[in-house]
Amino acid sequence: MLVTLRKLADGLIRIAAMVAAVALIFELGVILVDVTGRFFGAPLTGAQDLSTMSMAILVFGAMALCDRVGGHVSVDVFERKFPDWLNYAADVVSALFGAAVFAGIAWTVYDSAGLSQMLNLRTNIIDLPKWWFQWAVVAFSVVTALGMALRVVELIVTGERAEPLRTEGANE
C-alpha cells in the first residue's frame with residue numbers, strides 16, 4: 001500500500017513541478033518582454049501583476065519536489081556527532097512539522113481565497129482575480145503537506161532514515 005501511495009504522491013509532485021516549470025518559463029518571458037519593452041519606451045502593462053502571481057505558482061508548485069529530492073536548506077553541523085536515533089527522530093519531527101506548516105498554509109489561504117472570491121478581489125494593474133492563484137497555492141500546499149506526511153509514515157514504517165531522490169546529473 002505504501003508503494004501505491006508513493007507512486008500516487010510522486011505523480012502529484014511531478015504534475016506540481018511541471019506547472020511550476022511552466023510558471024518559471026512564463027515568468028522569464030514576462031521579464032524579457034518587460035525589460036525589452038522598457039528599452040524601447042513601452043514596458044509590458046501588468047508585468048508586476050503577472051510576475052507576482054506566477055511567482056506564487058512557481059514557489060508553491062516546486063515546494064513538494066524540493067522536499068522530495070531533499071532540497072530544503074538543512075544544517076548538518078552536528079549530524080555526525082549525534083547518535084543515529086537522534087538523527088532519525090529529527091527527520092521524523094522535521095517532516096511532521098513541515099507537513100503541519102504546509103497544512104496550515106493551505107487552510108489559511110483556503111479561507112483567504114474564499115474571502116477574495118466573495119469580495120471579488122483582483123490585482124491592481126490588469127485586474128486578474130486573486131482567488132485563482134490562491135486556489136493554486138492551496139492545492140500545491142496540500143500536495144506538499146501530503147508528501148511530507150507520507151515521508152513521516154515511510155520513516156516510521158521502515159524505521160530508517162530515508163534518502164532523498166537523486167536527480168539525473170546531481171553531484172555527490
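The numbers here are math on the coordinates, done by the rules we state, and not lab data. In this text, all values refer to a predicted model and were calculated from it rather than measured experimentally. Note that we place each Cβ from the backbone using ideal geometry, even for glycine, and neighbour counts take in every protein chain shown.
Pick out, in residue order, every one of the trypsin sites (Lys or Arg not before Pro) in segment 1-108 that is DSSP loop and has at most 13 other C-beta atoms within 10 Å; say none if there are none.
Answer in residue order: ARG80, LYS81.
Once amide H atoms are placed 1.01 Å from N in the peptide plane, what residues at a sequence separation of 5 or more from THR123, or on another chain, have their amide H within under 5 Å of its amide H?
LEU128, LYS130
Is segment 4-127 best put as rounded, prolate or oblate by its Cα gyration tensor, with a ≥ b ≥ c the root eigenvalues, rounded for a/c under 1.5, and otherwise prolate when a/b is larger than b/c, oblate when not?
prolate
Under a plain spin-label model, where a point goes 7 Å from the Cα along Cα-to-Cβ, how far apart in nm are VAL59 and LEU96?
In this crude label model, VAL59 to LEU96 measures out at 2.8 nm.
Between the DSSP loop rule and a limit of at most 11 other Cβ atoms within 10 Å, which chymotrypsin sites (Phe, Trp or Tyr not before Pro) in segment 68-164 are left?
Listed in order of number, the matching sites are PHE78.
Hey, quick one: spin label on THR36, modelled 7 Å out along Cα-Cβ, who in segment 9-23 has an amide N within reach, i.e. under 19 Å?
From segment 9-23, the list is 23.
Normalised by the residues of the chain, what does the relative contact order come to in percent, with Cα pairs under 8 Å and at least six apart?
Value for the chain: 29 percent.
Taking 7 Å along the Cα-to-C-beta vector as the label spot, tell me the THR52-ILE125 distance in nanometres, rounded to one decimal.
With each label point 7 Å from Cα toward Cβ, the separation is 1.0 nm.
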